[in-house]
Amino acid sequence: MEKTSLSTPLGRITVIDALRGFALLGVVLVHMTQHYGIFSFSDRGISEPLFPAFDEFVRWLATNVLSGRFINIFSFLFGLSFFIQIDRAKRKGIDFHKRFVWRMIILLVIGLVGNCFYTADILPIYAILGIVLVFLSRFKSKVLVVIAALLLLGTPRLLMIGYDRLNQTELVQNSIQRTSEERPSVRPSMQMEKPSFINSAKNNLTNGMEMKMNIQFGKYGRGYLTMALFILGLIAGRFRFFETVHERKKRNVLLFIGFTLGTLLIDGLIKLFPAHNVGYFTFMMPNVEVTPSLLIVAMLCDISTVLFSGALVMGFIICYHLNGIGKYLNVLSPYGRMGLTNYELQNIMGCLVFSPWAFGSVFGNWGATEVFMLGLAIYVLQIVISRCWLRSFLYGPLEWLWRSATYLQRQPLKKIQQNIRVYTE
């Protein structure tokens, strides 16, 4: 009876679903402009761009508006969803923490399968950090605020760099002692394997996974920022922010203004420092000196993207509750309800579009504008499919699989008349 009652869906806060769908719009567009990290070209080589002026704009948009900001929203909503599940179970007198750990193990498996298609699939990282979130959720909100602040300030990055510098002398001495005979005079040649899904999956699960873990938990520290967003989502849930968001319109506007001004202020501070590229390879290159100004700029960039994401969230919420606009934005709700399925479908389609063993010879040399429009087309197609699917079914395919595996019991999938009212609230 506990399994049945716990798995029965309660009334949904549709703005959360719509916001998740909105976040996935930015995710697919960024990944498309990055060719999903796959670069394959036809025998004709790289063709001349068809829309050079628009290409520049699309790259600017992807870099300065979309990249990092929309995946931040997705991460924030993950922490919020964690709270909703824990809270609803608690109302039924059930401790869901252990069940959530098992849920994260299942998510890890799903993510590893997705990683075969797209090496930067974020779900394995979410699964690892989700387990950490279970333990952190025992702390009071004040403590969580402090932890989130330390993560946003780049504390893990500072600790790693400080540790490296303590060992720098020993590393230099060891490198000097190595004789020329010990060093290979010629680098081993990199043999290109025949393009195939199997070879691509093997690379994604080995070299790709290693690079992803370095990006997330190395000096670049993307994973620590994700953890901070998980915590902020949990805190927002504790404050019942979204349960009253439709009533607190003045608060919504003030938060939007605050996040916007905060973003502009931080961006202004960044310009006071020497220009730095704070990307992943900056922190990984052995010859790049990690200066205090670089660390400050990296910290400010992290804070700026979080504030920018906050402004996007509040702007979306304000528009969602406007009579003339909200009904159109609500079209994204079915997409967001199938967020797991749609995210993985994005990755699979991106893999097929750009891989040399699939359609990479066709789309691999497309310019930024073309792949951006292709991403929009994929997104619109997914919206249509999501709406059609949820007319007959309670969950998306992966959501149903995840739910059934969570409770180790096959969950209902097809809608019956008594369930329709619950899902249209």
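Placing a pseudo-label 7 Å from each Cα along the Cα-to-Cβ vector at Ser141 and Ile257 gives an inter-label distance of 2.3 nm. Note on Lys194: lysines with a C-alpha under 26 Å away, same-chain residues under 8 apart excluded, are Lys202, Lys212. Computed from backbone phi with θ = phi - 60° and the Karplus coefficients 6.51, -1.76 and 1.60, the 3J(HN,Hα) list for segment 403-408 is 5, 5, 5, 4, 9, 6 Hz; x is used for glycine and proline. For segment 327-366, what class follows from the C-alpha gyration tensor (a ≥ b ≥ c being the square roots of its eigenvalues): rounded when a/c is under 1.5, otherwise prolate if a/b is larger than b/c, else oblate? Oblate is the answer for segment 327-366, as a/c is 1.5 or above yet b/c matches or exceeds a/b. Phi angles of segment 366-374 translate, via the Karplus equation with coefficients 6.51, -1.76, 1.60 and θ = phi - 60°, into HN-Hα couplings of 6, x, 4, 5, 5, 6, 5, 5, 5 Hz per residue; Gly and Pro are given as x.
Remark: the Cα gyration tensor places segment 271-396 in the oblate category, a/c being 1.5 or greater and a/b not exceeding b/c. Here the Karplus relation 6.51 cos²θ - 1.76 cosθ + 1.60, evaluated at θ = phi - 60°, turns the backbone of segment 62-71 into coupling constants of 5, 6, 9, 10, 8, 4, x, 6, 6, 5 Hz, with x for every Gly and Pro. Spin-label model, Leu408/Arg91: points 7 Å from Cα along the beta carbon direction are separated by 2.7 nm.
Between Ser196 and Leu272, the C-beta separation translates, for a Förster distance of 51 Å, into a calculated FRET efficiency of about 0.50. Spin-label pair Ser392-Arg165: with each label point 7 Å from Cα along the Cα-Cβ axis, the two points sit 6.3 nm from one another. Calculated FRET efficiency, Leu352 to Lys249, Cβ-Cβ distance, R0 = 41 Å: about 0.40 to the nearest 0.05. Close amide H contacts of Phe393 (hydrogens built in the peptide plane, cut-off under 5 Å, sequence separation of 5 or more or a different chain): Lys415.
Since every read-out is calculated from the coordinates, none of them should be taken as a lab result. As the structure is a computational prediction, the values presented were derived from the model and not from experiment. Cβ sites come from the backbone with ideal geometry, for glycine too, and all protein chains shown count toward neighbours.
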